[in-house]
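Beneath this line is the structure, given in C-alpha cells, with notes to follow.
The values are calculated or read from the model by the stated rules, or taken from the named source; none is laboratory data. All of these numbers come straight from a predicted model, not from anything done at the bench. All Cβ positions, even for glycine, are placed from backbone atoms using ideal geometry, and neighbour counts span all protein chains on display. Please note that ligands, DNA and RNA were not included when accessible areas were found on the heavy atoms of the full protein model with its side chains. Shrake-Rupley method; radii C 1.70, N 1.55, O 1.52, S 1.80 Å.
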Amino acid sequence: MNDIHIASAFDRDLEGIQAQIMKMGGLVEEAILNASASLRDRDEELSEQVRAADKAIDKLEEKINDEAARVIALRAPTAVDLRVILSVIKIAGNLERIGDYAKNMAKRNGILVNMTPVEGARSALHRMAREVEIMLRDALDAYVQRDVELAYEILQRDKDIDQMYNALFREFLTFMMEDPRYITPCMHLHFIAKNTERMGDHVTSIAEQVIYLVTGEMPDENRPKGDLTSRDAKLSSQQQ
C-alpha cells in the first residue's frame, strides 16, 4: 500500500510539473504572436506588454526547475521517470530562451518605429514568427501526446524557417547597398530575423527532447542546417 501511495504521489508531482510546462508554453506562444504583431503594426504599447509579460515566463521556469529538483530529491525516480523530469527541465529552458527572443523583438520595435520603413520587411518577419509559433504549438502537442513522428516532422520544418531567414538576410543586404538610409533599420531587422531563426532552433530542441523522452535516444545531431548566411558572407568577402 505504501508503494502505491508513493507512486500516486509521484504521478501527481509529474502531472503538476507538466501542467506548468504547458502553461509556460502558452505564454511563450502568446509572446511570439504579440511581439511579431507589434512589429508588423508598429505598436509600441503592445511591445511594452510583451516585455512586461516576460517576467511571468521567467518565474515559471524557476518554479518548474525548483519543483523538478524537489521531486528528484524526494522521490528518487527510476530511469524512465528521471528521463521525464530531465526533459521537462530542458524544455523549460528552451521555452525561456524563446521568450527572451520575443522580448528582444519587442525591444527593437520600439527603436524601429522612428526609423525609415523597409518595404515588406515587417510583414515578412511576422510570417516567419507565425511559422515558428505554429511549430512550437505542434512541439508542445507532440510532448503531451508523446508523438515521435510529429517531433521528427518539426525537425524537418525548421529548414523552412532557415530558408525564410536566408531570404530576408539577402533582402536586407540589397536594401543597405542601394540606399545608406536603410543601413541602421536593416541592421535592427536582421537581428530580429536572426532571433526568430534562433527561436526555431529552440523549438527543434524541444522536439528532440520529445524523441529522447519516448525512445531514450537523441536524434542524429548531424541534421543539415539551412542557415547559409555565414557561408554567403565568407564568399562575399573573398570576392571583394
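Remarks
- Filter result for V210 (surrounded by fewer than 19 Cβ atoms within 10 Å (Cβ to Cβ), in contact (Cβ under 8 Å) with a residue 40 or more places away in the chain and not hydroxyl-bearing (S, T, Y)): no
- Taken together, A79, A106, A121 contain a single residue that is of a type outside the set (V, I, T) and within 17 Å of the chain's Cα centre (by Cα), which is A106.
- So R223, is it basic (K, R), at pLDDT 90 or above and either open to solvent by 30 Å² or more (accessible area, probe 1.4 Å) or over 29 Å from V113 (Cβ atoms) (or both): no
- Cβ-Cβ distances below 8 Å connect the following pairs, each with a first residue in the stretch 21-37 that is part of a helix (DSSP H, G or I), a second residue that is buried (at least 24 other Cβ atoms within 10 Å of the Cβ) and aromatic (F, W, Y), and a separation of six or more residues or different chains: I21/Y143.
- When residues of the stretch 145-170 are limited to those that are open to solvent by less than 40 Å² (accessible area, probe 1.4 Å) and among the aliphatic types (A, V, I, L, M), the one farthest from T204 (Cα to Cα): L168
- Across the stretch 108-144, the qualifying residues are those that are open to solvent by 50 Å² or more (accessible area, probe 1.4 Å) and at pLDDT 95 or above, and the one among them that is farthest from L39 (Cα to Cα) is D141.
- Leading residue by the ranking (most open to solvent (accessible area, probe 1.4 Å)) among those in the stretch 38-54 that are of a type in the set (D, E, K, R) and in a helix (DSSP H, G or I): E45
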